[in-house]
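Have a look at the structure below, then the notes.
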Amino acid sequence: MLRIFLVSSLALLSADWPQYRGPNAIGVTDDRNLPVEMGPDINVVWKTAVPPGHSSPILAGPRLFLTAVDLEALFTIAYDRNTGKELWRRESPRPRKEVFQQTNSPASGTPASDGKIVVSFFGDFGLLAYSVEGKPLWQLPLGPFNNANGHGSSPVIIDDMVFLVCDQNTNSYYLAVDKSTGKVRYKVERPETTRGYVTPSVWRPAKGPAELIVPGAYVTTSYELKTGKKLWWAGGMAWQLKGAPVIIGDKMYLNSWESGGDTETPPAVEDWSVVSAKFDKDGDGKLNVEEAAGVGIRNARAMVDYDLNHDTFLDEHDWNFLRLHRQAQNSIMAIQLGGRGDITETHVKWRYRKSLPNCSTPLYYKDVLWMVKDGGVLTTLNPANGAVLKQGRIPGALEPYWASPVAADGKVFMVSQAGKLSVLKAQGEWEVLKVNNLDEDVFATPALGDNRLYVRTRSTLYSFGLPK
């Protein structure tokens, strides 16, 4: 580990960054004097080697936590936030090795902490909790999961519970777990949605119960935080949602994009009764690969995305979700919170449908909505009406984006898969201040705290800051 200069006192620690993208996934702090120029040897407070993994770093008290996969073993690891020194690592059981796509990882879920415990999730095991000093507290085995791309959801700690979304092709649900004991408080089935990779957020209205807002494929739903009672839902989402809802006051901003949802006018899709009458030649109540060619599924590989239970057939349940997929429209939307029941027609205030992110969560900062699309297309929107303030490409940072933007000190920070760390002046008519090169792939969202920017690349964890 190379240390360039050190923060002199733990008393300098500012607010924690306790989960994916910080408090309630907002991605914003009041940190100041953050650097514009950064690189492997530029404005480095400290840097240390880390095992692979796509989870984002979190900050809790004097410690930084992340998860990793090292020689096939899964770990939760703690570092000294002030120096980068590894303090402890604890291995998770790994009873299986589930399939995941190349741009995913067995260690994708970002841990969460309340300053006393840290909770991690691995799709190959389930939930684990440790004291921040590294003492094992409890384990909750979960799965196996039916998710073709591997899991990507992160746990969150809200009040006295841990919440985890387990959306998948069959048997989607979310859990509320007692953070002290690991016992399940309640489980909410989500049969209306399929696979996704979201992290939930909480809304606390001035009147009424706190709400857990859980985006999902084709529908976003709000539940009473304490009980899991379904309060409201809004349709019109795309398939395979990622990221988190952004809650500002009594409004929520949510991005949903997946391939196939960019058509201006979704096609009409026939009912199963019509489809089966046309193409179910052997009359067995389902379509095999050859029969499914009649509905545009070209081969067995294409069938995989819609054959939710992997029985190599397309049945009525599969078709109903395929219909939703073919009629889904990608968008970023603004939703007025506070409704009950189906609020799709009453509380969705605007939608914007162009140049949307695939994975990264949008950012609300200084009364501007920020989002970055693969290819480095950066769009700023007026959050009041969805009008475009500025759109263009970030010169020199034209790669895919998996990490989400974060902001502080009048600056917006976003990093591409290729490790191009862009710093932008935080205004609707945005201005590129600097595109830095970290010389290595980045999938994790940066963390902010201590007037520092913490960035995880494929093999290195950096703390960037200006000299004191």
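Quick look at the numbers
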quantity: Counted residues, the stretch 306-348 - those being part of a strand (DSSP E or B) and not charged (D, E, K, R); calculated: 9
quantity: Flag if Ser276 is without any contact (Cβ under 8 Å) to a residue 60 or more places away in the chain, out of contact with any Leu (no Cβ under 7 Å at 6 or more places or on another chain) and closer than 27 Å to Ser154 by Cα; calculated: no
quantity: Lone unmet requirement of (1) within 24 Å of the chain's Cα centre (by Cα); (2) surrounded by fewer than 20 Cβ atoms within 10 Å (Cβ to Cβ); (3) not hydrophobic (A, V, I, L, M, F, W, C) for Asn255; calculated: (2)
quantity: 2 or more residues at positive phi and at pLDDT below 95: qualifying strands (runs of 3 or more DSSP E) within the stretch 168-236; calculated: none
quantity: Test: residue in the stretch 67-79 that is buried (at least 20 other Cβ atoms within 10 Å of the Cβ) and in a loop (DSSP other than H, G, I, E, B); calculated: no
quantity: Exclusive hit being closer than 20 Å to Gln417 by Cα and among the acidic types (Asp, Glu), set Asp31, Asp41; calculated: Asp41
quantity: Which numbered condition Ala217 misses (of (1) more than 19 Å from the chain's Cα centre (by Cα); (2) crowded, with 21+ Cβ neighbours inside 10 Å; (3) among the small types (Gly, Ala, Ser)); calculated: (1)
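The values are calculated or read from the model by the stated rules, or taken from the named source; none is laboratory data. Quick caveat: nothing in here was measured; it's all calculated off a predicted structure. Cβ coordinates were reconstructed from backbone atoms using ideal geometry, including for glycine residues, and neighbour counts include every protein chain displayed.
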